[in-house]
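Engineer: Below is a structure I'd like to ask you about.
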Amino acid sequence: MNARRSEIIQIVNQRYRITVSELSEHTGVSEVTIRQDLNYLEQLGYVKRIHGAAVAIDNDDIAQQMEVRFGTKQKLAQRAAALVEPGETVMIEGGSANALLARELAEREDVTLITSSAYIAHLLRSTNSNIILLGGVYQHQGESLVGPLTRYCIEKVHFSTAFIGIDGFHQDTGFTSRDMMRADVVDAILAKQRRNIVLTDASKFGLIFPSTLGGSIGAFDLLVTSQDAPADDIAFLKQQPIELITV
């Protein structure tokens, strides 16, 4: 995929909706070329075309999400991995940046990983890391495990640090998820009252989804995000009871 089309994917995910004319102005190519690009990206499942514009696709396909802003997410994963000490047991809930983090930690072979993501467990199948996959109801698209059994498993296992994935952040709502069942899993993790870390790139800022995670921003100890996050949101977060690391 060429650089322009990769940039279009990033812009659509950041803005959620953007017109063809805005994309043309931003990239410096004609609207005809932009329409061709959007047709191509829609066929691959990266964006959805509507009349005169493109919108982001709301889905939980982690493999597809990892293709978006891959370099940024890789840097976030490497920085987050540095927060984990040798010998720790770590819970990784889900999401594309967390999948990359899991791979970073698994390659170290000095950390035990617990996850409710079947995708992450499969991603690490060729490593020698100690991996615990929790039980539950399998969500086919996101490859996550959810429900009462997952909550029960979380109650019975022990870990020192948890990494949480989010779908949106807004100053009015805090961290949110599009999936109520995954939000329920996050609540069970937070109830353990360990070190809880949100790992996300800036594309999630400004987005609001139905389920609030944790009730308040203060339910989390640390946010690791990319340095291109909106300045007003960063200023807001610095006033909240949460530590902030930008990469």
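The values are calculated or read from the model by the stated rules, or taken from the named source; none is laboratory data. Predicted model, so just to flag it, every value in this text is computed and none were measured. Glycine also receives a Cβ, built like all others from the backbone with ideal geometry; neighbour counts cover every protein chain displayed. Quick note on the areas: whole protein, heavy atoms, side chains included, nothing else; ligands and nucleic acids left out. Shrake-Rupley method; radii C 1.70, N 1.55, O 1.52, S 1.80 Å.
Engineer: Give the residues of segment 82-133 that are under 20 Å from the mean Cα position of the chain (by Cα) and among the polar types (S, T, N, Q), sorted by residue number.
Structural biologist: Ser96, Asn98, Thr115, Ser116, Ser117
Engineer: Select, from Thr89, Thr115, the only residue that is modelled with pLDDT of 95 or more and touching a His at 6+ places or on another chain (Cβ under 9 Å). Steps first, answer last, please.
Structural biologist: Values: Thr115 fails: touching a His at 6+ places or on another chain (Cβ under 9 Å).
One residue alone meets the criteria, Thr89.
Engineer: Would segment 168-186 turn up any residue that is open to solvent by 10 Å² or more (accessible area, probe 1.4 Å) and closer than 17 Å to Leu113 by Cα?
Structural biologist: No, segment 168-186 has no match at all.
Engineer: Given (1) buried (at least 21 other Cβ atoms within 10 Å of the Cβ); (2) in a loop (DSSP other than H, G, I, E, B); (3) of a type outside the set (Lys, Arg), where does Asp110 come up short, assuming only one miss?
Structural biologist: Here Asp110 meets the rest and fails (1).
Engineer: Okay, moving on. Which pairs turn up if I take residues in segment 33-54 that are within 12 Å of Val12 (Cα to Cα) and look for partners that are assigned to a loop (DSSP other than H, G, I, E, B) and open to solvent by 10 Å² or more (accessible area, probe 1.4 Å) with beta carbon separation below 6 Å, at least 6 apart in sequence or on another chain?
Structural biologist: If the second residue must be assigned to a loop (DSSP other than H, G, I, E, B) and open to solvent by 10 Å² or more (accessible area, probe 1.4 Å), the pairs left are Lys48/Ile57.
Engineer: Same structure again: Which residues, counting only those in segment 103-140, are touching a residue at least 24 places away in the same chain (Cβ under 8 Å), out of contact with any helix residue (DSSP H, G or I) (no Cβ under 9 Å at 6 or more places or on another chain) and over 19 Å from Glu85 (Cβ atoms)?
Structural biologist: Listed by number, the list holds a single entry, Ala118.
Engineer: Also, quick follow-up: Just checking, does segment 96-104 include any residue being surrounded by 24 or more Cβ atoms within 10 Å (Cβ to Cβ), touching a Phe, Trp or Tyr at 6+ places or on another chain (Cβ under 8 Å) and closer than 20 Å to His158 by Cβ?
Structural biologist: Yes, there is a match, as at least one residue in segment 96-104 is surrounded by 24 or more Cβ atoms within 10 Å (Cβ to Cβ), touching a Phe, Trp or Tyr at 6+ places or on another chain (Cβ under 8 Å) and closer than 20 Å to His158 by Cβ.
Engineer: Can you go through Glu143, Glu155 and tell me which one is open to solvent by 30 Å² or more (accessible area, probe 1.4 Å), within 15 Å of the chain's Cα centre (by Cα) and more than 27 Å from Gln240 (Cβ to Cβ)?
Structural biologist: Values: Glu155 fails: within 15 Å of the chain's Cα centre (by Cα).
Just one listed residue meets the conditions, Glu143.
Engineer: Restricting attention to segment 189-205, and to residues there that are without any contact (Cβ under 8 Å) to a residue 40 or more places away in the chain and over 15 Å from Ala162 (Cα atoms), which single residue is least open to solvent (accessible area, probe 1.4 Å)?
Structural biologist: Phe205
Engineer: What is the number of the single condition among (1) aliphatic (A, V, I, L, M); (2) crowded, with 18+ Cβ neighbours inside 10 Å; (3) part of a strand (DSSP E or B) that Leu244 does not meet?
Structural biologist: Unmet condition: (2).
Engineer: Only one of Arg125, Arg103 is touching a Leu at 6+ places or on another chain (Cβ under 8 Å) and among the charged types (D, E, K, R); which? Walk me through it before giving the result.
Structural biologist: Numbers: Arg125 fails: touching a Leu at 6+ places or on another chain (Cβ under 8 Å).
Within the list Arg125, Arg103, the selection yields Arg103.
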